[in-house]
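The block underneath contains the structure these notes are about, expressed in structure tokens.
No lab work stands behind these numbers, since they all come straight from the coordinates. Only a predicted model underlies this, so the values are computations on that prediction, with no experimental measurement involved. Here the Cβ positions follow ideal geometry from the backbone for every residue, glycine too, while neighbour counts run over all protein chains shown.
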Amino acid sequence: MKRRIAKISLFILIGLIILGCNSTKRVPDGKKLLTKNDIFVDNKKNNLEDVFNQLYQKQNTSILGYRLRLNLYNLAKPKSDSLFKDKMIKNPKRYYRKAKWLSKKQVKRLGESFLYSGKDNFLRKTGEAPVILDTVSTRKSLKRLKSYYYNRGYFDVATKYKIDTLGPKKAKLRYDIILGKPYIIDSIETFIASKPLDSIYQLRKQNAMIKRGKPFMTTDFDDERKRITEDFRNNGAFRFQQNYVTFDIDTLGKTHKANVDLIIDNESVRNEDSVSIKPFELYKISKVNVFTDHSPSNPNAPIKDSLTYNDVNLYSVDKLKYRPKAIADGIFVTKGNYFSDFRTTITSRYLSNLKVFNYPLIQYVEDKTQKNSLIANVYLTPRKKYTFGFSTDFTHSNIQDFGISGNTFLGIRNVFNGAETFEIGFRGNIGSSKDLANPNNTFFNISEIGVDAKLNFPRIFLPFKTDKIIPKTMIPFTTLSVGYSKQTNIGLDKQNFTSSLTYNWTPKRNTNFKLDLVNIQFVKNLNPSNYFNIYKSSYNTINEIAQSYPTVDPSYFQNGNLIIENGVLNFVNDVAAGDVSLSVSDLKSLLSIMERRQRLIENNLIFASNITFTKTSRKDLLSNNFYAIKAKIESAGNLLSLIARASKQLQNQNGANTFLDVEFSQYIKTEFEYIKHWDLSRKKVLAAKAFAGIAIPYGNSEDIPFSRSYFAGGTNDNRAWQSYSLGPGASGSFLDFNEANMKLAFSAEFRFNIFQKLNGALFTDVGNIWNVLDSTEDEAYIFSGLKSLENIAVGSGFGFRYDFNFFIVRMDLGFKTYNPSEFVQDKWFKQMRFDQSVLNIGINYPF
């Protein structure tokens, strides 16, 4: 019945869209629908976005050639609100009946409801009115096209247009542009009235955007104005502005050559009603004043405390609360140096990055006591010293039936008077689980407490100076973090300790280095042998499986049930040794339970160091044409290995060294990720991501710890598989957590606008995980060379995204296009069905 209703609904929807497919339905008589714009440059079709954007009139938008928004608009009844009124006027008896039953006010609202006019208003708003051919707009487009190429040096460009009629109410436009020969810059002469400015220009003229022999481009002249202005203002020209840079261009008849005169006149100074002309001069900084507790609401409060440190004058309304060095280190506007916009910007960035002040205000005033001198005033408004927060959540999971968690947060700014920030948070959780052993029948039988602390220093925190290697202009900072948690599950008693010492610095804008000198993760289960007393559902499943096979050793049972824990483990060992043969479904269940147990009772000690490099060309969140690179290398266990050797520590039964009774991990890991976005114009974007990562165990380890391994599938990976459900290799593993130590992934996504804030996407995700150079022996799991690339999985699908401005809600539907774990004849396309698709819901774009 449900399928029948779905089919009927689908047929109705398709029928409605077909009815709206008459694209000229709303085109008035005597008018024509503009169906296409073709631009030919020197008789070759041009589809460049910049060129197309010069047109005043563009045809209706389409999705893969289908004009969805135009057809939605055509479905709407014109003046639907008036139709309802006319219906009531023509049939007054009907109106009075409705008014008697509903009231006059409700009848009026009925006419405005979605059923009568609302649906049509929605279709008109969502849809797109037909674009009617307008020759006035066409001529304007022609002028803009001519201007576009004129600004690119084609001074002899010729343009024309032609209207091709395609039917009674359809037409397309053809624009023909004949460029002619471009003009080339032949010579450049400079006329700079101010000698100091001329000297600066001559020192840096090799960086000029306009050079002899280059084609004439208006954008080059704009860029040259910006470059010159930036050079001058970074070298003392405080009063210089971009409008003082002018160009005089002589095109020398029909030789297609242009002579350029660069002209920078003297400064115009207005004094009341008169204007005087004087040469530009360079200004130096005579004083640097920093007001450390400036209040915008009381800017003239009297100063009570002051001191001078490294030529920086520090002032405070109250007692000075900051160590002078902490503030002075962030002031790059220095006494005796020339005025510089760059130094002003880097000072603002550094002081903002302290997170102790609001965005600083830096003002310059002329020093009346010295010629060509400026006083720099830096106004700092402190943030609140203390911040406190608290939150409570109610939780539910496959382990915890009901839980209550609470978090508290305390932040302290300027904790040691050196602009440091300290954050500490406490968290706790109590919960109830019917799966756990609960001899006292208490409702809350799960608990966890934890504390996390983080201390930030606005510098590289080391016992020696690093200014020559990492100067202050790179805005370095150090973060020391520590965390501890203890979990009680009526017996398992998990303890978790984390700590890290991290350095961050920014060599230049959009480029960042992060060094984890020390990164420690310590996990220990004090009572893992109690696992099956805790997770009763897992025990019951294994117990039922064992009871159904008569070949199981009877000594493993007591009172008809498997003995915890020896009976369970002996049964599992017999299955692994082949002494007990299980059905495929029972074997899958058993392996899945034991793998989950291994993850939950696994002890870990990771003592690692890593460095991460990131770089992007992205300028802002709205940028759709950029690249991003991320590279990381990590090494773990080497220091502990040296300590173990020096102390001649005894090895455990597995032959591995331990620290605090836990085997420490030893491995090297490296990752590389590249993201590229191409703006295809008209709200269309092509995005791609490539990722490669490998972690190789050695020394004290035969495998990579779970927290450092790779998985495939999920919302931000291969969307045709759920998280942890893909791979390794061609194994088609059925475990809960499929992971490995090598990963390759590539994704491509075509994004387009459907209407307003609703966007669509078509995507393809390619990749898989493998085991390599570890203890795994099954060939289906192992990457053995290029031949293993045939086990790369392919997922494809489509998605919808709604833009809420601050974030994007994403829904993707992935289909298994190529499944390497299937038989050869079933690998391609056999699972591209809706009943085997995977729905992914996420926030923001996957890459």
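The computed mean projected area of the Cα convex hull in nm² for the structure shown corresponds, within (i) 56.7; (ii) 47.7; (iii) 59.7, to (i). Considering only T369, N407, P215, the residue lying farthest towards the positive end of the dipole of the chain is P215, judged by Cα position with unit charges set on Cβ.
Computed about the Cα centre, the dipole magnitude for the chain is approximately 5680 debye when only Lys and Arg (+1) and Asp and Glu (-1) carry charge, each at its Cβ.
Would you mind ranking W505, W770, W678 so that the residue whose beta carbon has the fewest other beta carbons within 10 Å leads the list?
With the fewest neighbours first, W505, W770, W678 line up as W678, W505, W770.
Per-residue Cβ neighbour counts within 10 Å put V269, V772 in the sequence V269, V772, beginning with the fewest. Phi-derived couplings, Karplus 6.51 cos²θ - 1.76 cosθ + 1.60 at θ = phi - 60°, listed residue by residue for segment 220-234: 5, 5, 5, 5, 5, 4, 5, 5, 5, 4, 5, 4, 5, 6, 8 Hz, with x used for Gly and Pro. Modelled spin-label separation between K278 and K77, with each label point placed 7 Å from Cα along the Cα-to-Cβ direction: 7.7 nm. Shown is the FRET efficiency for F342 and S775, computed with R0 = 60 Å from the Cβ-Cβ distance and rounded to the nearest 0.05: 0.65.
The simple Förster model, with R0 at 60 Å and r as the Cβ-Cβ distance, assigns F40 and A301 a FRET efficiency of 0.30.
When DSSP assigns beta bridges and you keep just the ones with both residues in the chain, what percent turn out antiparallel, to the nearest 5? Here the antiparallel bridges make up roughly 90 percent for the chain. When the charge dipole of the chain is built from unit charges on Cβ atoms (+1 for Lys and Arg, -1 for Asp and Glu) and taken about the Cα centre, the candidate among A631, Y66, L600 whose Cα reaches farthest toward its positive end is Y66. Given R0 = 60 Å, the distance between the Cβ atoms of I449 and R682 translates into a calculated FRET efficiency of 0.65. Placing a pseudo-label 7 Å from each Cα along the Cα-to-Cβ vector at N207 and D835 gives an inter-label distance of 6.7 nm.
Karplus-derived 3J(HN,Hα) values for segment 612-626, using 6.51 cos²θ - 1.76 cosθ + 1.60 with θ = phi - 60°, are 10, 10, 10, 8, 8, 9, 5, 9, 7, 5, 8, 5, 10, 9, 7 Hz; glycine and proline are entered as x. Here the gap between V136 and K181, fully extended at 0.36 nm per residue and compared with their Cα-Cα distance, gives a gain of 13.3 nm.
With each label modelled as a point 7 angstrom along the Cα→C-beta vector, the E822-F626 pair spans 3.9 nm. Neighbour counting of Cβ atoms within 10 Å sorts the residues L501, L33, fewest neighbours leading, into L501, L33.
Entry note, the chain: the mean residue ellipticity at 222 nm calculated from DSSP H runs of n ≥ 4, each adding -39500 (n - 2.57), is -6500 deg cm²/dmol after division by the residues and rounding to the nearest 500. Once the Cα-Cα distance is subtracted from the 0.36 nm per residue extended length, the N540 to D803 segment shows a gain of 89.9 nm.
Please give the contour-minus-distance gain from F388 to T165: 0.36 nm per residue of separation, less the Cα-Cα distance, rounded to one decimal in nm.
Between F388 and T165, full extension yields an extra 73.3 nm.
Pairwise alpha-carbon distances in segment 284-379 exceed 22 Å for 24% of all pairs.
Can you pull out the trypsin sites (Lys or Arg not before Pro) in segment 531-636 whose DSSP state is coil and whose Cβ has at most 16 other Cβ atoms within 10 Å?
R618, K619
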